[in-house]
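The values are calculated or read from the model by the stated rules, or taken from the named source; none is laboratory data. None of these values were measured; they are calculated from a predicted model. Note that we place each Cβ from the backbone using ideal geometry, even for glycine, and neighbour counts take in every protein chain shown.
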Amino acid sequence: MKTRRSRSYRRIMVKVPGGTTRLVYKKRKPDRAVCSSCGDVLKGMSSMIHSKLKNTAKSKKRPERPYGGVLCSKCMRKLLISKVRSELK
């Protein structure tokens, strides 16, 4: 397909039933989600293509905790502890 013959698509060699291999163009996967505080890769976040991501459940897309999908668990703990300590003073 001429419309997909660009670098925005991945080039994959696929074996077809006839026994030959053929070049197939597929969408690239998006980058992994990173923590906004430390820049570490977020665990529990799926990095699917957006068209497939919209059909999955919300609990499968991101962790069910405060700041889930924005901060990693270490940074979230630090933030919550600092908030509680500032309220106690």
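When both residues are 6+ apart or on different chains and their Cβ atoms are under 7 Å apart, which pairs have a first residue that lies in region 54-76 and is in a helix (DSSP H, G or I), and a second that is among the hydroxyl-bearing types (S, T, Y) and at pLDDT 90 or above?
Listed pairs, sorted by first residue: C75/S37; M76/Y67.
Using beta carbons and a limit of 6 Å, which pairs, at least six apart or on different chains, have the first residue in region 38-50 and assigned by TED's automatic domain parsing to the domain that holds R77 and the second one surrounded by 12 or more Cβ atoms within 10 Å (Cβ to Cβ) and hydroxyl-bearing (S, T, Y)?
none
Working carefully through the options L88, L80, L53, find the one that is at pLDDT 90 or above and of a type outside the set (F, W, Y).
Just one listed residue meets the conditions, L80.
Check region 36-50 and report whether any residue there is of a type in the set (S, T, Y) and more than 30 Å from C75 (Cβ to Cβ).
No; the residues of region 36-50 include none that is of a type in the set (S, T, Y) and more than 30 Å from C75 (Cβ to Cβ).
In region 1-35, which residue that is of a type in the set (K, R) and in a loop (DSSP other than H, G, I, E, B) is nearest to R77 (Cα to Cα)?
So the residue we want is R32.
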